[in-house]
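S.K.: Take a look at the following structure, please.
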Amino acid sequence: MALIHGGQLQLVAKQFNIAPESWLDLSTGIAPFSYPIPTIPAQLYQALPQSNINLEYAAKRYYNANSLLVTNGSQAIIKLLPVLWREENKHSTIVYLPEQGYKEHALAWQTAGFTLCWYQDTLPEINTIEENSVLVVINPNNPTGQLYPKSTLLNYQRKLAQRNGLFIIDEAFIDVISPTQSMTSAGSKYDENTLILRSFGKFFGLAGIRIGFLIGAEPWLAKFNEQLGPWQVNGPAQLIAQKALEDKHWQTQQQQTLKTLSTHLRTLLTDNLPMEQITTISGTDLFQTVYFKENHNGKSRAESYYITLCKQGVYVRLTDDKRALRFGIAKIEELTRLANALLNINNEYA
């Protein structure tokens, strides 16, 4: 079963019969400003990609990790996780997942035949977690923005290790969290029961080069590396990521820019949406999610707003449960168009 994600502009543009170049695309949690592409030697385009030791050093410093695997994004890792875990622990049948979150996690475990146990914003009671089970945490959560402190996650890590379980932490959006709550530097004796996914493309605004990192104990990394095979990440992408991960000055500027833009976006949403129809607005410095109240005329308010925005060439992410809209970060010059589009909806429903 194919899941629906943000970033499907071609499809949505065709659906609403508006040329792709005419859209304001806020459907992803990818930063609107990207790391500038450095000069890339022609040889990197001509040769099969080799392991880039400088990239590995840069990534280990950036993530404060002792060991990691360079991957072509998180998706292949997510699909492989249930397969490799079942080889490791044949008694495991249960996985705990956030009810709201990146649904590829659930799809992978469901396809592998695991029993899915859902939790809301609060993690499952630590003493009720079954032996040999898996806990998936998206931190911060997408789309809710829910953030669990490292101290809490360390307790779960210890408990899962004691119960022969597996702890999976998806930190795709954690680059904008300060002070960091990342588990990459936990460095405890329980690391062999923990795998951490880190995205490169979102914070650095370069999702198109398809690169990410898996952080965990060496035996786990070796298993994934063997299954994924050679030439996972092309040479130019490796060089770009290396330079970006080394550039502390640019990273600091990006964090400040995203924080400012996120504040502008949240203010715009608060000022231009009927707050009596909204329960919460939450998110991170890479997106803001608006949760609407009960259904309106047989169709959720979120879905109605989504359709009306699309008719104006404004593309945002309608959540899977159709209860909320996730707005990616807009540039300053795009805010007026977004405000006008929301104003038009309010006038229509007035």
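S.K.: Closer than 14 Å to Thr194 by Cα, open to solvent by 60 Å² or more (accessible area, probe 1.4 Å) and in a loop (DSSP other than H, G, I, E, B), is that true of Asn155?
M.R.: Working: closer than 14 Å to Thr194 by Cα: yes; open to solvent by 60 Å² or more (accessible area, probe 1.4 Å): yes; in a loop (DSSP other than H, G, I, E, B): no.
Taking the combined requirement at face value, the residue does not satisfy it.
For every residue, the table says whether it meets (1) open to solvent by less than 80 Å² (accessible area, probe 1.4 Å); (2) under 20 Å from the mean Cα position of the chain (by Cα).
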position: Gln227; (1), (2): no, no
position: Trp231; (1), (2): no, no
position: Gln256; (1), (2): no, yes
position: Arg266; (1), (2): no, yes
position: Glu294; (1), (2): no, no
position: Arg301; (1), (2): yes, no
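S.K.: Could you check how many residues of the stretch 190-203 are more than 13 Å from the chain's Cα centre (by Cα), open to solvent by less than 10 Å² (accessible area, probe 1.4 Å) and either β-branched (Val, Ile, Thr) or over 17 Å from Leu228 (Cα atoms) (or both)?
M.R.: If we filter the stretch 190-203 for residues that are more than 13 Å from the chain's Cα centre (by Cα), which is where we start, we get 190-195.
The next check asks that each one be open to solvent by less than 10 Å² (accessible area, probe 1.4 Å); those that pass are 194-195.
Filter again for either β-branched (Val, Ile, Thr) or over 17 Å from Leu228 (Cα atoms) (or both), leaving 194.
The qualifying residues number 1.
S.K.: Which condition does Leu107 not pass, out of (1) within 30 Å of Gln254 (Cβ to Cβ); (2) in contact (Cβ under 8 Å) with a residue 40 or more places away in the chain, if it passes all the others?
M.R.: The number of the failed condition is (1).
S.K.: Sticking with this one: Residue check, Ala112 against (1) surrounded by fewer than 21 Cβ atoms within 10 Å (Cβ to Cβ); (2) closer than 26 Å to Ser27 by Cβ; (3) among the aliphatic types (A, V, I, L, M), all met but one. Which one?
M.R.: Unmet condition: (2).
S.K.: Also: For Thr252, state whether it is in contact (Cβ under 8 Å) with a residue 24 or more places away in the chain, open to solvent by 50 Å² or more (accessible area, probe 1.4 Å) and farther than 29 Å from Tyr190 by Cβ.
M.R.: Values: in contact (Cβ under 8 Å) with a residue 24 or more places away in the chain: no; open to solvent by 50 Å² or more (accessible area, probe 1.4 Å): yes; farther than 29 Å from Tyr190 by Cβ: yes.
In short, no.
S.K.: One residue is enough: does the stretch 119-129 have a residue meeting the conditions under 19 Å from the mean Cα position of the chain (by Cα), surrounded by 15 or more Cβ atoms within 10 Å (Cβ to Cβ) and under 23 Å from Val290 (Cβ atoms)?
M.R.: Yes, some residue in the stretch 119-129 is under 19 Å from the mean Cα position of the chain (by Cα), surrounded by 15 or more Cβ atoms within 10 Å (Cβ to Cβ) and under 23 Å from Val290 (Cβ atoms).
S.K.: Scan the stretch 130-149 for residues that are farther than 25 Å from Leu318 by Cβ and either modelled with pLDDT under 95 or part of a strand (DSSP E or B) (or both) and jot them down. Steps first, answer last, please.
M.R.: Let us first name the residues in the stretch 130-149 that are farther than 25 Å from Leu318 by Cβ, namely 130-135, 148-149.
Glu130, Val134, Leu135 - these are the residues of the stretch 130-149 that are farther than 25 Å from Leu318 by Cβ and either modelled with pLDDT under 95 or part of a strand (DSSP E or B) (or both).
S.K.: Provide a single number: the residues in the stretch 27-58 that are of a type in the set (A, V, I, L, M) and surrounded by 13 or more Cβ atoms within 10 Å (Cβ to Cβ). Give the steps one after another, and end with the answer.
M.R.: At the first step, the residues of the stretch 27-58 found to be of a type in the set (A, V, I, L, M) are 30-31, 37, 40, 42, 44, 47-48, 53, 55, 58.
The next check asks that each one be surrounded by 13 or more Cβ atoms within 10 Å (Cβ to Cβ); those that pass are 30-31, 37, 40, 44, 55, 58.
Of the residues in that region, 7 qualify.
S.K.: Now for a different question. Keeping to the stretch 158-175, report how many residues are assigned to a loop (DSSP other than H, G, I, E, B) and within 29 Å of Gln251 (Cα to Cα).
M.R.: At the first step, the residues of the stretch 158-175 found to be assigned to a loop (DSSP other than H, G, I, E, B) are 163-165, 171-173.
Narrowing further to those that are within 29 Å of Gln251 (Cα to Cα): 171-173.
Within the stretch 158-175, residues that are assigned to a loop (DSSP other than H, G, I, E, B) and within 29 Å of Gln251 (Cα to Cα) number 3.
S.K.: A follow-up question, please. Could you identify the single residue in Leu195, Leu147, Leu153 that is within 21 Å of Val95 (Cα to Cα) and in contact with a Leu (Cβ under 8 Å, 6 or more places away or on another chain)?
M.R.: On the way: Leu147 fails: in contact with a Leu (Cβ under 8 Å, 6 or more places away or on another chain); Leu153 fails: in contact with a Leu (Cβ under 8 Å, 6 or more places away or on another chain).
Leu195 is the lone residue from the list that is within 21 Å of Val95 (Cα to Cα) and in contact with a Leu (Cβ under 8 Å, 6 or more places away or on another chain).
S.K.: Another question, then. Do you know which of the residues in the stretch 12-26 that are over 30 Å from Lys259 (Cβ atoms) and in contact with a helix residue (DSSP H, G or I) (Cβ under 7 Å, 6 or more places away or on another chain) is surrounded by the most Cβ atoms within 10 Å (Cβ to Cβ)? It would help to see each step written out before you state the result.
M.R.: First pass over the stretch 12-26, keeping only residues over 30 Å from Lys259 (Cβ atoms): 13-19.
Still in the list and also in contact with a helix residue (DSSP H, G or I) (Cβ under 7 Å, 6 or more places away or on another chain): 13, 16, 19.
Working: Ala13: 19, Phe16: 14, Ala19: 9.
It comes out as Ala13.
S.K.: Can you tell me which residue among Ile168, Ile211, Ile174, Ile240 is among the aliphatic types (A, V, I, L, M), crowded, with 20+ Cβ neighbours inside 10 Å, modelled with pLDDT of 95 or more and within 28 Å of Lys90 (Cα to Cα)?
M.R.: Details: Ile211 fails: within 28 Å of Lys90 (Cα to Cα); Ile174 fails: within 28 Å of Lys90 (Cα to Cα); Ile240 fails: within 28 Å of Lys90 (Cα to Cα).
Just a single option satisfies the conditions, and that option is Ile168.
S.K.: In the stretch 303-348, how many are touching a strand residue (DSSP E or B) at 6+ places or on another chain (Cβ under 8 Å), touching a residue at least 60 places away in the same chain (Cβ under 8 Å), in a helix (DSSP H, G or I) and open to solvent by 10 Å² or more (accessible area, probe 1.4 Å)?
M.R.: Summing the residues that are touching a strand residue (DSSP E or B) at 6+ places or on another chain (Cβ under 8 Å), touching a residue at least 60 places away in the same chain (Cβ under 8 Å), in a helix (DSSP H, G or I) and open to solvent by 10 Å² or more (accessible area, probe 1.4 Å) in the stretch 303-348 gives 2.
Results for (1) polar (S, T, N, Q); (2) closer than 22 Å to Tyr57 by Cβ; (3) under 13 Å from the mean Cα position of the chain (by Cα), shown as yes or no for each residue.
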{"position": "Ile168", "(1), (2), (3)": "no, no, no"}
{"position": "Glu171", "(1), (2), (3)": "no, yes, yes"}
{"position": "Ser178", "(1), (2), (3)": "yes, no, no"}
{"position": "Leu206", "(1), (2), (3)": "no, yes, no"}
{"position": "Leu214", "(1), (2), (3)": "no, yes, no"}
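S.K.: Within the stretch 62-73, does at least one residue satisfy the condition of being open to solvent by 60 Å² or more (accessible area, probe 1.4 Å) and either within 22 Å of the chain's Cα centre (by Cα) or not hydrophobic (A, V, I, L, M, F, W, C) (or both)?
M.R.: We begin by selecting, within the stretch 62-73, every residue open to solvent by 60 Å² or more (accessible area, probe 1.4 Å); these are 64, 66.
Among the residues that remain, those that are also either within 22 Å of the chain's Cα centre (by Cα) or not hydrophobic (A, V, I, L, M, F, W, C) (or both) are: 64, 66.
Within the stretch 62-73, one or more residues are open to solvent by 60 Å² or more (accessible area, probe 1.4 Å) and either within 22 Å of the chain's Cα centre (by Cα) or not hydrophobic (A, V, I, L, M, F, W, C) (or both).
The values are calculated or read from the model by the stated rules, or taken from the named source; none is laboratory data. Remember, it's a predicted structure, so these values are computed and weren't measured experimentally. Note that each Cβ is placed from the backbone with ideal geometry, even for glycine, and that neighbours are counted across all protein chains shown. Please note that ligands, DNA and RNA were not included when accessible areas were found on the heavy atoms of the full protein model with its side chains. Shrake-Rupley method; radii C 1.70, N 1.55, O 1.52, S 1.80 Å.
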